[in-house]
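Here the structure comes first, spelled out in structure tokens, and everything after it is commentary.
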Amino acid sequence: MSGPPAGPRVRLAHPDELAQIGDLIVAAYRSVGSNHPEYEPTLRDVAGRATTSNVLVADVAGAVAGTATFVPPGGAMSEVDDPGAAMIRMLAVAQSMRGHGAGEALVRECLARAQACGAARVRLHTEPQMTAAHRLYERLGLVRDPAYDFSPVPDVDLLAYVHDLGDVA
């Protein structure tokens with residue numbers, strides 16, 4: 001008799017998974033209405049960002065259920081001028097795996113990595129229509145930080161969230 005399936009295990013991405021991870025991110029973003037073809041090459045460049053950041057996966061029974069890129073403070077992929085902030089970038093969960101804890105496990109791992117490397121806070125950006133992600137972030141203690149909202153290109157508005165690491169959930 002087997003028990004319930006184990007929750008997601010977060011680990012660094014393996015080199016042979018990088019193309020699959022790029023596909024997962026693009027599909028996840030498209031599934032929530034984020035359709036920016038000009039950004040898709042960046043989303044797919046998992047190998048490129050793995051050279052400067054930690055590309056994490058939520059592994060469920062050996063399958064990649066989700067991914068996030070953890071950027072340490074001052075990292076090359078940081079989107080903000082905030083030397084004390086680590087960042088979570090390109091968080092995505094496969095549509096079939098949503099609601100099973102992969103996103104939460106990834107965010108918690110990023111918070112733990114940020115604390116371990118001495119970051120004062122964690123920042124991320126998200127699109128307005130990514131409401132399920134907003135609920136997850138807020139449940140884990142991230143709060144909106146409109147001062148860091150920005151538009152990287154016309155017609156793309158990004159909402160900022162921040163988590164002070166003195167308040168890890």
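Structure notes:
- Residue match in region 89-103 (condition: within 19 Å of Ala160 (Cα to Cα) and in contact (Cβ under 8 Å) with a residue 60 or more places away in the chain): yes
- Flag: Leu111 does not match the condition of being within 20 Å of Leu24 (Cβ to Cβ) and modelled with pLDDT of 95 or more.
Residue by residue, here is whether (1) among the hydrophobic types (A, V, I, L, M, F, W, C); (2) on the phi < 0 side of the Ramachandran plot; (3) exposed (fewer than 13 other Cβ atoms within 10 Å of the Cβ) holds:
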residue	(1), (2), (3)
Val10	yes, yes, no
Ile21	yes, yes, no
Ile25	yes, yes, no
Val32	yes, yes, no
His36	no, yes, no
Pro41	no, yes, yes
Val55	yes, yes, no
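- Tally of residues being in a helix (DSSP H, G or I) and over 25 Å from His134 (Cα atoms) across region 32-59: 3
- Check on Ala147, surrounded by fewer than 17 Cβ atoms within 10 Å (Cβ to Cβ) and among the aliphatic types (A, V, I, L, M): yes
- Leading residue by the ranking (surrounded by the fewest Cβ atoms within 10 Å (Cβ to Cβ)) among those in region 60-118 that are assigned to a loop (DSSP other than H, G, I, E, B) and among the hydrophobic types (A, V, I, L, M, F, W, C): Ala61
- Test: residue in region 128-136 that is within 17 Å of Val55 (Cα to Cα), within 12 Å of the chain's Cα centre (by Cα) and part of a helix (DSSP H, G or I): no
Per-residue answers, yes or no, for (1) out of contact with any strand residue (DSSP E or B) (no Cβ under 7 Å at 6 or more places or on another chain); (2) farther than 30 Å from Asp155 by Cβ:
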site: Pro8; (1), (2): no, yes
site: Ala13; (1), (2): no, yes
site: Tyr39; (1), (2): yes, no
site: Asp45; (1), (2): yes, no
site: Ser53; (1), (2): no, no
site: Val57; (1), (2): no, yes
site: Asp82; (1), (2): no, no
site: Met97; (1), (2): no, no
site: Glu104; (1), (2): yes, yes
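- Residue in region 27-35 that is within 14 Å of the chain's Cα centre (by Cα) and at pLDDT 95 or above present: no
The values are calculated or read from the model by the stated rules, or taken from the named source; none is laboratory data. Keep in mind that this is a model prediction, so the values were computed, not measured. Cβ atoms come from the backbone with ideal geometry, glycine included; neighbour counts cover every protein chain shown.
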